[in-house]
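Heads up, the thing below is written out as structure tokens.
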């Protein structure tokens, strides 16, 4: 099955700085990679996703890059704000008819004012 | 609000008991997924249903079972509960298929506490 590793587990940045979270996956057949933001006690919320036929995707301050050869993908948040503080999870979906998510272990991002 | 609803929000029960968690997917979504989130295990996939049929199984214990009904809502049944079953249980739904149809939207979760 798929295995997703996520680093770092905690990340503190100053407001206005950039934050980068990295994930690697094991199954070369994986073809869809979403990122979720989860605030304490709340649901995971999709913030951006990328499919394997694309190398980069951007949505305002958030961008995701994918390197299929190296089997890793990264989340980039620019101009961080205190409301960006949360746990971020990367995930991967394998190819095939079953579309379950395999999650990374999460990164606690703290943006210091 | 993702459009996915879950009931109850909180559940407190004793070891050995049985509980049922309920999920209603977003309108039009055919796939329902159940995930367990605990402090030491992170977010783990349990089971997926698509249009009433089981599609995939993950790390779901034999004491747990699920089903999806004709109206597409789903129930997760947890029996012979143990202390270690205490966790947040999330349901997610997607249209089903690939491309944009596979984006999963999560419900608010049910927090289960087994005493």
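The values are calculated or read from the model by the stated rules, or taken from the named source; none is laboratory data. In this text the structure is predicted, and so the values were computed from the model without any measurement. Cβ placement follows ideal geometry from the backbone for every residue including glycine, while neighbour counts extend to all protein chains displayed.
Going residue by residue through the stretch B:79-86, is there one that turns out to be in contact with a strand residue (DSSP E or B) (Cβ under 7 Å, 6 or more places away or on another chain) and within 14 Å of chain A (Cβ to nearest Cβ)? No; the residues of the stretch B:79-86 include none that is in contact with a strand residue (DSSP E or B) (Cβ under 7 Å, 6 or more places away or on another chain) and within 14 Å of chain A (Cβ to nearest Cβ).
Screening residue A:99 against (1) at pLDDT 95 or above; (2) surrounded by 12 or more Cβ atoms within 10 Å (Cβ to Cβ) leaves a single unmet condition, (1).
Taken residue by residue, the stretch B:90-110 has no member that is at pLDDT 95 or above, surrounded by 14 or more Cβ atoms within 10 Å (Cβ to Cβ) and either more than 14 Å from chain A (Cβ to nearest Cβ) or in a helix (DSSP H, G or I) (or both).
Residue-wise test of (1) more than 11 Å from every other protein chain (Cβ to nearest Cβ); (2) in contact with a strand residue (DSSP E or B) (Cβ under 7 Å, 6 or more places away or on another chain).
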{"residue": "A:38", "(1), (2)": "no, yes"}
{"residue": "A:56", "(1), (2)": "yes, yes"}
{"residue": "A:64", "(1), (2)": "yes, yes"}
{"residue": "A:73", "(1), (2)": "yes, yes"}
{"residue": "A:80", "(1), (2)": "yes, yes"}
{"residue": "A:83", "(1), (2)": "yes, no"}
{"residue": "A:86", "(1), (2)": "yes, yes"}
{"residue": "A:91", "(1), (2)": "no, yes"}
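Only residues that are more than 8 Å from chain A (Cβ to nearest Cβ) and in contact with a strand residue (DSSP E or B) (Cβ under 9 Å, 6 or more places away or on another chain) were counted in the stretch B:30-43, giving 8.
Filtering the stretch B:70-78 for residues that are modelled with pLDDT of 90 or more, within 14 Å of another protein chain (Cβ to nearest Cβ), surrounded by 21 or more Cβ atoms within 10 Å (Cβ to Cβ) and in contact with a helix residue (DSSP H, G or I) (Cβ under 9 Å, 6 or more places away or on another chain) leaves an empty set. Taken over the stretch B:48-65, the criterion of being modelled with pLDDT of 95 or more and in a strand (DSSP E or B) is satisfied by B:64, B:65.
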